[in-house]
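Values in this text are rule-based calculations from the coordinates and carry no lab data. All figures in this text were calculated on a predicted structure; none of them were measured in a lab. Cβ atoms come from the backbone with ideal geometry, glycine included; neighbour counts cover every protein chain shown.
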């Protein structure tokens, strides 16, 4: 039995703050202001200036991709292409892998204001194939060694640019599939164990992963499901298969479907293929790309909804957001369900019509507040693309909140590194003050709402009697921290089931075997 004394931020329905919390046997047995005598002998943890909060939830992430990139080369912080090339050169020389994987190139955060080219990469990759993914996760640059290995069909796809090495749209997805198939499953699973430990260090107790990027027979969806069921130390992983075929979810006992890639309705701003209701300001002939017709998306949503699955779909541009909202409305009109918890991922530039549908049909929003004032996509660039009016309308967290919609936060990792402290800071210090929320509201979005999104709120997500003691000790009390200082808060410890998180220690084969036969939730 452990007694915590200090600032207990419960994130319950009334956002109450208490002085005591008692954990016993992995569950919360008491929360209140006066400690009952029966708990007086428990081991004490004095929080002092610190605070106890629920564990964080990341509600949208490409966990397998994040794991691979986390183990590879990250060039996000480079200030020039020259620096990127030096990093690649050093990485290529030391990395034992046959194919080099790197992430984070941006033309908007480097001095040259352009992507590094295939020709430049050829000079520093030591003859090894290189897959360098853009910061937005929707395009890449390949070197000549990789270009020669790509299947012939890639050359016929939209977005294939062998001269520069840049691949976007369907060509990017095909290259991603090719690379995914080249990675050893055992290597990927070990990388996933390391990534789980990394995220636990950020105070994350629940990860929503979108899975399915090209393994034959959707093996990667199976692997992530097994991995989720094998996790030690109480860490939770919820798998969304990225497929338009409901059978992919059903045969793996998964109650949900959706994500990006096969379930992405459009691209993104960085590649100027997010689907827009009016053209980009800097390219009047371009309104982005819708990957599917309205009829195709409505048909998918109706089938998935009738199958009892929870649906989530990627929508960045306002035209894609409208398509997603209308399709979910059509599905729920076709087969009404009271507690479906369908969602639209990103929801960067929603319309009034789409937002009204979200309100009326209780559609939840896993948003990426980390995109606000994003170094890889700075505001001056966004304004150049969209104009000042549309740029100011991005990531409207408060507007959704005022409609009564459930908003949660996700990293879209590897696009941004999973870091809930960043979410809290950016939500409270939104670049558009009219869309800022209070720290209490932001903490709910980063904790309870994330657990609610996948029907986990009865067991986790708030500090209430009877729930599992999934908690984080923060270095300070966010409710008493100046808004501009929120980014300085630190996660001191993650406790899952009342115990300090311990790193994943089982061998990969043992984890797979355990996951294949476990009935744990995935």
Item to complete: Calculate how many DSSP beta bridges within the chain are antiparallel, expressed in % of all such bridges and rounded to the nearest 5.
Response: 45 percent
Worksheet item: With no solvent and one point on each alpha carbon, what is the Debye value of log10 I(q)/I(0) for segment 458-522 at q = 0.22, 0.26 Å⁻¹?
Response: -1.02, -1.11
Discussion item. Between 0 and 90 degrees, rounded to the nearest ten: what's the tilt of helix 169-182 against the longest Cα principal axis of the chain?
Written reply: 70 degrees
Fill in: Cα gyration tensor category, rounded, prolate or oblate, for segment 103-143 with a/c compared to 1.5
oblate
Worksheet item: Among 409, 517, 103, 198, which comes first, then next, by fewest other beta-carbon atoms within 10 Å?
Response: 517, 198, 103, 409
Item to complete: May I ask for the percentage of alpha-carbon pairs in the chain that lie more than 29 Å from each other?
Response: 51 percent
Worksheet, complete the sentence: Rounded to the nearest 5, the percent of antiparallel DSSP beta bridges in segment 68-182 equals 55 percent
Worksheet item: Can you list, largest first and rounded to whole Å, the semi-axes you get for segment 61-131 by taking the square root of 5 times each eigenvalue of its Cα gyration tensor?
Response: 19, 17, 9
Worksheet item: Cα-Cα pairs above 23 Å in segment 141-264: how many percent?
Response: 41 percent
Fill in: Binned Cα-Cα distances of segment 68-182, short to long, each 5 Å bin given as a whole percent
2, 13, 26, 27, 21, 9, 2, 0
Fill in: Prolate/oblate/rounded label for segment 1-136 (Cα gyration tensor, a/c 1.5)
prolate
Practice prompt. Send over the per residue convex hull volume for segment 2-49, Cα only, as a whole number of Å³.
Written response: 78 Å³
Fill in: Residues 227, 18 arranged by fewest to most Cβ contacts within 10 Å
18, 227
Item to complete: Provide, in order from the shortest bin, the percent of all Cα-Cα pairs of segment 226-359 in each 10 Å bin, continuing until the bin that contains the maximum pair distance.
Response: 13, 40, 30, 14, 3, 0
Discussion item. What is the angle, in °, between the Cα long axis of helix 81-94 and the longest principal axis of the Cα atoms in the chain? Nearest 10 is fine, range 0 to 90.
Written reply: 80 degrees
Item to complete: Write down the percent of antiparallel bridges among all DSSP beta bridges whose residues are both part of segment 2-49, to the nearest 5.
Response: 75 percent
Worksheet entry | Over the chain: helical MRE at 222 nm, DSSP H runs n ≥ 4 each giving -39500 (n - 2.57), nearest 500 | -10000 deg cm²/dmol
Worksheet, complete the sentence: To the nearest 10 degrees, the tilt of helix 379-392 (Cα long axis) against the first principal axis of the alpha carbons of the chain is 60 degrees
Item to complete: Among 154, 17, 210, rank each residue by its count of other Cβ atoms within 10 Å, from fewest to most, as a rough exposure measure.
Response: 17, 154, 210
